[in-house]
Each structure stands twice: as C-alpha cells, then as structure tokens.
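Contents: one structure, followed by commentary.
The values are calculated or read from the model by the stated rules, or taken from the named source; none is laboratory data. Remember, predicted model here, so these are calculated numbers, not experimental data. As a convention, Cβ positions derive from the backbone with ideal geometry for all residues, glycine included, and neighbour counts pool all protein chains shown.
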Number of protein chains: 2
Amino acid sequence: MESTLEFFTSRRSTRKYKTEAVPEEKLHQIVEAGRFAPSGGNCQSTHFIVIKNKEILTELAELVQQEFAKMEITPGLYKSIVNSINLSKSGNYVFHYNAPVLIVTANQKDYGNNIADCSCALENMMLMTNALDLGSCWINQLKWLNENPVILEYMKKLGMDDTERVYGALAVGYPDTADGLPERKPLQRTGNKVTVVDL
Amino acid sequence: MESTLEFFTSRRSTRKYKTEAVPEEKLHQIVEAGRFAPSGGNCQSTHFIVIKNKEILTELAELVQQEFAKMEITPGLYKSIVNSINLSKSGNYVFHYNAPVLIVTANQKDYGNNIADCSCALENMMLMTNALDLGSCWINQLKWLNENPVILEYMKKLGMDDTERVYGALAVGYPDTADGLPERKPLQRTGNKVTVVDL
C-alpha cells in the first residue's frame, strides 16, 4: 500500500471467485483481524463460524434459496431482499457467490451491540482480505433469515449457540479476474455527507 | 506497523485526551477512511458530523448528562447505560471524555443497514486514528439517546437531517499518556469463539 489511506480506499467487493482454496495462513490472519475488532465493554462475544466445506456451502446455498423462494414480496421491502427472493424463485440463486470460504459472524441475540460488533469484525476482515490481495464481499442473506427456523436449525448444526443469531457474513476467496487481483477501479463517491461543526 | 495484522491488533480505546487540537490533515484522513467504508448497495448514506467546537462539545455533554439523569434504571438495562445514568445523576458525566473532536455517524432511520454501515465507518476511523498514533474511543451514548427529543433537536441544529438518526460516534484526540502515544498494552483475548466447519 502506498499510503495508509489506500488501505481503506482500495477495498472493493468481489462477486466472482476462483475455486482455489484460501491458504490456511491467510485465512488465519483474516479471522485474527476480525477477532481483534472492538466490542461493547470488550465482551468479545462475536462468534466466527468459518465454513470451508464445499458440500456444506452448497447445502446452505440450497436452503437459503428454498427459504427465500417461499417469501412474498411486500411493499417497501428492501430492494436487495426483493432481489434475493426473485432470484430464488427463478431457481438459480447462490447467495455466497460460490466463494470457497464463508465466514459467518454470530452474536448474542439479546445484546444491544450485536450488529455493531459483528460489523466491526466484518470490516476488519474485509480490509485484511484486501491487504492480502484476496477478494471478499459482505453477505447479508443469513442475517435476513436469522429467525427463519430452517436456517436457524442449520446454523445450530454448524456450531451456533441457541442464544446466538447471525448478524452478517463474509465471502472470501481469490477473485476470478484476468490478473487474479481484486478489481480496484475508481469509485465514484458522491454520497457520505460530511458536516463540520467548527463555528 | 511491523505487520498488517498489527494494524488491527494494536488498536486500543483511549479514554483520556490532551486538549491539543487534532491537525486538519490528520482529521481529514480519518474521515476519508470512514467515508470509504462499504455500505449496503453502495448507498453511501452515512452522514459524518464532525464536531470540533469546544462550546458545542460542552453543551452537548451537558445535555446528555441532563437527559440521562432523568432516566430510571429498570431491570435488565444494559450495564453501560446503567453506568451512564448513575454518573449523570451524580452530575459529573462527560460522555465524550473531553476529547477535542467528536465524529458522529448518522444514517437514514428507515434503512436496514444503518447500524452496520455506521459501524464499518467507525471501525475504519478507529484503525486510521491508531495508524496516526492518535487515540479514539467508540461512543454509544448519542445512539442510546437517538430518539430523545432534546438530543434529536440538538443534533438537527448541528446539521443532522430529519430522516436521520445517530448510530454511533467516535471521540478522537491525542492520548494523555506519558509518551503521548495510545496505550497498547497486551490484550487478553479469551472470547470470540471460532468454529471451523471443514469436515
């Protein structure tokens, strides 16, 4: 990285992955970066469920598609959920983009900072994947289905506790690009209003 | 930083600050790091309200103390909120630790990723303050009071939109330590369960 700021500004989402496995040492560093994210009162209750097994990933994608396909599109529903439902009804939906690794972040369901803590962990892991020239993408589908009984049961089978719920996930892998590196095209940044109070 | 991982593992919360102002160039880099955090569908709706004015910071701290002091402690209330209420009732509560800068992150109240997006921005800004050898601390009090009419009105006066709410904030400044650097003592990390699914 040429500058520290580039560490942040060069990160992009990757939605197409090679099948190549992520080396253990790199995956370890990614999860460690996540584990060192801050937590409310330093409670460290974020639970990282690292899924690398191809059959499990396939089964999970099928269940997610099955459950979204049952859902109806209601007025005002968030556009990305609408998209997940429509793609699932068409029967061609793989929510994790066939990435070789999915890192699910769960936390206590009755803890007020559960989303915030998981988000900080996910952000750390995204930055670390980028620093390692790996690709990643924030995955919200398991959060949207985090009270769905089928998905909940499956997550418990994978080691999630009864008191935990999913608040986000991360697809990780080698980007399927010509040079094998994450696409880092310039990003148009017209949003994110900044108000400076310095009267 | 000796390694990329250290970029994450060396971050600590700073709760005692020098009065010294944060140089404009450093503050700019911190906010830029926050602005480049990912957002749902790349909507970039996180609004950064950067407060550097001493009178405003004092007034805000007094209002927060006043509003917490009115609150009752109910069974099951989160321990840090209980702490804020108790300290406020005792009349000696400055929620932002007298840091010279407070960066408030607001977002659309009816947007499902508001907490997640603000959290990613806050995490980026925490990492950037650490890389610049500045101190920072996640501040939740304005989020806890984000529907309180007095605080809401005050935040609107500072430029927050009617449709926005506060989902987190960051105190930033030079740590008041012997060497002026953030305290980076070893962190005991016994939490953050990691489950690896690789059958």
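Do we find that A:Asn107 is at pLDDT below 95 and of a type outside the set (A, V, I, L, M, F, W, C) in this structure? Considered against the rule, which asks whether it is at pLDDT below 95 and of a type outside the set (A, V, I, L, M, F, W, C), A:Asn107 comes out as no.
Mind listing whichever residues of segment A:9-43 are of a type in the set (Gly, Ala, Ser), touching a residue at least 12 places away in the same chain (Cβ under 8 Å) and surrounded by fewer than 21 Cβ atoms within 10 Å (Cβ to Cβ)? The answer is A:Ser10, A:Ser13, A:Ala21, A:Gly40. The set of residues from segment A:111-121 being over 18 Å from B:Ser39 (Cβ atoms), of a type in the set (S, T, N, Q) and either facing chain B (nearest Cβ under 9 Å) or surrounded by fewer than 20 Cβ atoms within 10 Å (Cβ to Cβ) (or both) comprises just one member, A:Asn113.
Is it the case that segment A:136-150 has a residue that's outside any strand (DSSP E or B), over 30 Å from B:Trp144 (Cα atoms) and modelled with pLDDT of 95 or more? Yes, segment A:136-150 contains a residue that is outside any strand (DSSP E or B), over 30 Å from B:Trp144 (Cα atoms) and modelled with pLDDT of 95 or more. Using the structure shown, decide if A:Gln66 is more than 19 Å from the chain's Cα centre (by Cα) and in contact (Cβ under 8 Å) with a residue 60 or more places away in the chain. The answer is yes for A:Gln66.
Here is the figure for segment B:166-186: residues that are within 14 Å of another protein chain (Cβ to nearest Cβ) and either of a type outside the set (Phe, Trp, Tyr) or closer than 18 Å to B:Asn98 by Cβ (or both) total 11. Of all residues in segment B:45-78, those being polar (S, T, N, Q) and surrounded by fewer than 20 Cβ atoms within 10 Å (Cβ to Cβ) number 4. Exactly one residue among A:Val64, A:Val82, A:Val31, A:Val104 is over 19 Å from B:Gly40 (Cα atoms) and within 14 Å of another protein chain (Cβ to nearest Cβ), and that residue is A:Val31. Scan (1) touching a His at 6+ places or on another chain (Cβ under 8 Å); (2) of a type outside the set (Asp, Glu); (3) surrounded by fewer than 20 Cβ atoms within 10 Å (Cβ to Cβ) for the single condition A:Gln108 breaks and write down its number. Only one criterion is unmet by A:Gln108, namely (1). Against the numbered list (1) in contact (Cβ under 8 Å) with a residue 24 or more places away in the chain; (2) more than 27 Å from B:Arg11 (Cα to Cα); (3) within 10 Å of another protein chain (Cβ to nearest Cβ), B:Tyr154 comes up short only at (3).
Conditions (1) among the acidic types (Asp, Glu); (2) more than 9 Å from chain B (Cβ to nearest Cβ); (3) touching a residue at least 40 places away in the same chain (Cβ under 8 Å), marked per residue:
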| site | (1), (2), (3) |
| --- | --- |
| A:Glu123 | yes, no, yes |
| A:Asn130 | no, yes, yes |
| A:Leu142 | no, yes, yes |
| A:Glu164 | yes, yes, yes |
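Within segment B:166-199, being in contact (Cβ under 8 Å) with a residue 60 or more places away in the chain, in contact with a Lys or Arg (Cβ under 6 Å, 6 or more places away or on another chain) and buried (at least 18 other Cβ atoms within 10 Å of the Cβ) holds for B:Val166, B:Tyr167, B:Gly168, B:Tyr174, B:Pro182.
The set of residues in segment B:102-126 that are touching a Gly at 6+ places or on another chain (Cβ under 7 Å), in a helix (DSSP H, G or I) and over 19 Å from A:Val196 (Cα atoms) comprises B:Ala116, B:Asp117, B:Ser119. Within this structure, B:Glu164 passes the test of being of a type in the set (D, E, K, R), touching a helix residue (DSSP H, G or I) at 6+ places or on another chain (Cβ under 9 Å) and modelled with pLDDT of 90 or more. Quick one: is B:Glu147 of a type in the set (Asp, Glu) and buried (at least 24 other Cβ atoms within 10 Å of the Cβ)? No.
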